[in-house]
Each structure stands twice: as C-alpha cells, then as structure tokens.
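Take this structure first; my questions come after.
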Amino acid sequence: MQFQSFCRTGPRLRDGKELVDLGQTIAPSELAFDIDGVVADTMAVFVRLAREHYGFTWMTKEDLRQYDLHACLSIDREVLDELICMTLDDEHTQQVPPMQGAAEVLTELAEHGPLRFVTARIWPESIVRWLHGTLPDVDSSRIEVFATGLPEAKCGILKELKIRYFVEDRLETCELLSQNGIQPLLFDQPWNRVPEAVAFPRIENWSQLGQKVSRYEGPSFF
C-alpha cells in the first residue's frame, strides 16, 4: 500500500491553513516531537519482551497494525497490560533503541535552541534519562519534556509553547492537532498506515525530517 509523503498541494488544516508542502521548510523553533514511536523505537522492546517473557515468537512490529494494541492482538487483556507496563517501566525504557537517525538530527537541532518533547507518558523521569543518554552531546538544559498523561492533552501544551509543527505517530492525535491549527507530521509506523492517514504529511524517516528543517536559523545546521 502506498501512502503520501510531503505533497505540494493537498488537504488543509481545519482552520483553513495549508498543509506544509515539499518546497517549504520548518523553523526549528516552531517544531516539537512526540517521543515513543517517533524518537524512541519503544515497540521494538515491546516485541522483544513479548517473545522472551511470554513466548509470542510469532510477533513482529508489523503485527501492530493499530495504536490500540488490545484491538489488534489476540492476547489475554491481563497479559497484554502486564507487557505494556513492563515495556514502559524504568528498567526497560533505558533499553529502548532510538529511531535510526534521530539522535544525529536532534543533536544538530539543539544548536539552534531547546528541543521540545511532548509525551503522553504519565511519569517523565525515565524517558528524560533516556533522552539524556541518547543525546550525550546535547546540554541537558536544552532538552525540555512535557508529560501530559493523555494524548488529547498535548494540544494545550503545544499551543502554550507556540509550536506550529508536531511530529506524531498516533493518527487520532494528528486529527486533533489539525482541528486546532497545529500542523501534524505523521511519523510512519505500522499502526498509522490506513487510508485516512493521507490527510497528513507522512515522515518516512529522520533523514527526510532533517531535510525539511530550515537552515537559516544557524550556519552549522546540516
């Protein structure tokens, strides 16, 4: 199945603003990021733990076709809840690999101002430590993490931060952001490869995202 990436013409945000097009660049100060599924390959650890601890050797990341894991996996609810909690605990958060290219792009971006991350995690401490370890060349004062507890609460934080573009893997969150004048950039994952996702620019990888960020805010960027 083919999905659109950045398009020169296409749908608009609900408030009438154009979607970002292929020829347009993004100012680093107007950009923020989700963490799990965008910067952190959290589901890689989920799949590994499912195989090692529960014997689900058949499972791959491609089996995770919906964001709601209860809806796409035929696994006892109690077992699945335990697996999710294990994936997000302090110990296993530190084992999550970063998405390929994420650390390099974020390290470059940090030269132009703070990196803003907005996560639906309830407790941010473990993912903050993970970010510091993943970005060792970025001063900790330039890493700002806002934990909302709910995906739906991200919009308010982003508006307060005056963010115009947000990189997100959850389709429902992208829809909410677009309704509120924030341009979502949908980071490609198996759980967002559905027909309705064509309403949003799709980020295939961090290399593509890096090419979309403006160079004018600093001579050393890319």
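Just the residues that are buried (at least 17 other Cβ atoms within 10 Å of the Cβ) and either outside the structural domain of Pro184 (by TED's automatic domain parsing) or touching a His at 6+ places or on another chain (Cβ under 7 Å) (or both), please, taken from the range 123-172.
Of everything in the range 123-172, just one residue is buried (at least 17 other Cβ atoms within 10 Å of the Cβ) and either outside the structural domain of Pro184 (by TED's automatic domain parsing) or touching a His at 6+ places or on another chain (Cβ under 7 Å) (or both), namely Ile143.
When Arg193 is evaluated against the numbered criteria (1) basic (Lys, Arg); (2) under 25 Å from Glu62 (Cα atoms); (3) under 13 Å from the mean Cα position of the chain (by Cα), which criterion, by number, is the only one it fails?
Going through (1) basic (Lys, Arg); (2) under 25 Å from Glu62 (Cα atoms); (3) under 13 Å from the mean Cα position of the chain (by Cα) one by one, Arg193 breaks only (3).
Just the residues that are more than 24 Å from Glu196 (Cα to Cα) and among the basic types (Lys, Arg), please, taken from the range 51-87.
Arg51, Arg77
Which residue pairs have Cβ atoms closer than 9 Å, lie 6 or more positions apart in sequence or on different chains, and pair a first residue in the range 173-196 that is of a type in the set (D, E, K, R) with a second residue that is assigned to a helix (DSSP H, G or I) and at pLDDT 95 or above?
Pairs that qualify, where the first residue is of a type in the set (D, E, K, R) and the partner is assigned to a helix (DSSP H, G or I) and at pLDDT 95 or above, are Glu196/Leu171; Glu196/Glu175.
I've got another one for you. Every residue in the range 36-79 that is closer than 16 Å to Arg121 by Cα and either free of Cβ contacts under 8 Å to residues at least 12 places away in the same chain or in a strand (DSSP E or B) (or both), please.
Asp36, Ala40, Asp68 - these are the residues of the range 36-79 that are closer than 16 Å to Arg121 by Cα and either free of Cβ contacts under 8 Å to residues at least 12 places away in the same chain or in a strand (DSSP E or B) (or both).
May I pose another question? Among the residues of the range 5-28, is there at least one that is at pLDDT below 95, touching a helix residue (DSSP H, G or I) at 6+ places or on another chain (Cβ under 7 Å) and part of a helix (DSSP H, G or I)?
yes
May I pose another question? Between Thr119, Thr134, Thr107, which is touching a strand residue (DSSP E or B) at 6+ places or on another chain (Cβ under 8 Å) and farther than 25 Å from Leu171 by Cα? Talk me through it step by step, then tell me what you get.
Details: Thr119 fails: farther than 25 Å from Leu171 by Cα; Thr107 fails: touching a strand residue (DSSP E or B) at 6+ places or on another chain (Cβ under 8 Å).
Of the residues listed, the single one that is touching a strand residue (DSSP E or B) at 6+ places or on another chain (Cβ under 8 Å) and farther than 25 Å from Leu171 by Cα is Thr134.
Take the range 95-127 and flag every residue that is at positive phi and modelled with pLDDT of 95 or more.
To start, the set of residues in the range 95-127 that are at positive phi comprises 101, 113.
The answer is Gly101, and nothing else.
Within the range 81-125, how many residues are part of a helix (DSSP H, G or I) and under 23 Å from Gly156 (Cα atoms)? First the steps, then the outcome.
Taking the range 81-125 and keeping what is part of a helix (DSSP H, G or I), we get 81-88, 90-93, 102-112, 125.
With under 23 Å from Gly156 (Cα atoms) added as a condition, the list becomes 125.
Total meeting the criteria: 1.
The values are calculated or read from the model by the stated rules, or taken from the named source; none is laboratory data. Here the structure is a predicted model, which is why all the values come from computation and not from measurement. Don't worry about glycine lacking a Cβ; one is built from the backbone with ideal geometry, like all the others, and counts go over all protein chains shown.
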